Amino acid sequence: MKKIGLIGGTTWVSTIDYYRYLNEYVNKELGDVNFAECIIYSFNFADIKKNNDANDWDKTLDMVAAASQHLKNAGAELLMLGANTLHLIAERLEERVDLPLIHIAKATADEVTLHGLKKVALLGTKFTMELDFFTSKLTAKGIETIIPGDDDREFIQHTIYYELGKNIFTEETLQRYLSIIEGLIREGAEGIILGCTEIMLLVSEDDSAAPLFDTTTLHALAAVDRALA
């Protein structure tokens, strides 16, 4: 089993699920009392958010690269970024640290392809929805991506930072997300990508008429597959 290095704290809420999924999936494959060999570096999210707000991705790259080097020095053989938005720097990070990186968007695109879907909606931070670091992986598989309108994107961004990322989940916020999802389905979305690692803690499969793609789960599965290969 290869040792997985996980960059967490972006946010701590989903990092808990990452750790749980990695261990559960290893145990499912190997049985008995086998669990994941995993090393975690958890950021203070305020430091990451400050860079996001300033659009300073070079500084984020420097911070995450330093953390990744700590993981590598501790024995990590694979690298995971426990947030969709951080994958904006994924390719540059992988080159700098020289560790294989399990890409969350590639894992998601592979799963959407297995379902035979050609048009999906993407929910996430504004960076994930509006920039192409995630959607390009879908486009490469021949999958069209649509995103919510301006007001809905602002709402999603705000709730990710100030509710979901703080482990706050309300019925009012859930209903707004479901309304957004219903609108995207009316626009032709055949599936919904929950492209923020906290959204799956709010919205469940039973809430949507279209299949949901939980990027946290898919990312963890891909990492375990690689670790056990």
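Each value in this text was obtained by applying a stated rule to the coordinates, not by laboratory testing. Bear in mind the structure is a predicted one, so any value in this text is a computation, not a measurement. Ideal geometry is used to build each Cβ from the backbone, glycine not excepted, and the neighbour counts take in all protein chains shown.
Only bridges whose two residues both fall in the chain count here: according to DSSP, what percent of them are antiparallel, nearest 5?
Rounded to the nearest five, the antiparallel share is 0 percent.
Rounded to the nearest 20 debye, what is the charge dipole size of the stretch 90-216 about its Cα centre when +1 sits on each Lys and Arg Cβ and -1 on each Asp and Glu Cβ?
Dipole about the Cα centre, nearest 20: 320 debye.
Name the shape class, rounded, prolate or oblate, that the alpha-carbon gyration tensor gives for the stretch 89-229, where a ≥ b ≥ c are the square roots of its eigenvalues, rounded holds for a/c under 1.5, and otherwise prolate holds if a/b is larger than b/c and oblate otherwise.
The shape class here is prolate.
Residues of the stretch 72-96 with the amide nitrogen closer than 11 Å to a label point 7 Å from the Cα of N34, along Cα-to-Cβ, please.
none
Lysines within cross-link reach of K118: Cα-Cα under 28 Å, excluding same-chain residues under 8 positions apart?
Output for K118: K106, K126, K137, K141.
Just subtract the alpha-carbon distance of N55 and K118 from 0.36 nm times their residue separation and send over the number in nm, one decimal.
19.5 nm
Can you give the helix-only mean residue ellipticity at 222 nm for the chain, where every DSSP H stretch with n ≥ 4 adds -39500 (n - 2.57) and the sum goes over all residues, rounded to the nearest 500 deg cm²/dmol?
-16500 deg cm²/dmol
Over the stretch 1-134, what is the percentage of antiparallel beta bridges among all DSSP beta bridges, to the nearest 5?
Once the DSSP bridges in the stretch 1-134 are tallied, antiparallel ones form about 0 percent.
What is the dipole size for the chain, taken about its Cα centre, with +1 at each Lys and Arg Cβ and -1 at each Asp and Glu Cβ, in debye to the nearest 20?
The calculation lands at about 560 debye.
Against the longest alpha carbon principal axis of the chain, how many degrees, from 0 to 90 and to the nearest 10, is the axis of helix 150-162 turned?
40 degrees
Pairs of Cα atoms under 8 Å, at least six residues apart: use those to get the relative contact order of the chain, whole percent.
Taking the mean separation of contacting Cα pairs over the length of the chain, I get 26 percent.
With a Förster radius of 30 Å, plug the Cβ-Cβ distance of E144 and N44 into 1/(1 + (r/R0)^6) and report the FRET value to the nearest 0.05.
Step by step, r from the Cβ atoms, then E = 0.20.
Kindly identify the stretch 19-135 as rounded, prolate or oblate by the Cα gyration tensor criterion: order the square roots of the eigenvalues as a ≥ b ≥ c, call it rounded if a/c is under 1.5, otherwise compare a/b with b/c, prolate if a/b is larger, else oblate.
Verdict is oblate for the stretch 19-135.
Let me check the size of the stretch 159-229 from its C-alpha atoms; what are the radius of gyration and Dmax in Å?
Cα-based Rg and Dmax for the stretch 159-229 come out at 13.6, 43 Å.
Would you work out if the stretch 16-56 is rounded, prolate or oblate? Take a ≥ b ≥ c from the square roots of the eigenvalues of the alpha-carbon gyration tensor; rounded if a/c is under 1.5, else prolate when a/b is larger than b/c, oblate otherwise.
prolate
What nm value, rounded to one decimal, do you get for the distance between L99 and H70 when each label is placed 7 Å out toward the C-beta?
Between L99 and H70, the label points sit 1.1 nm apart.
What's the FRET efficiency of L178 with W12 using the Cβ-Cβ distance as r and R₀ = 25 Å, to the nearest 0.05?
0.45
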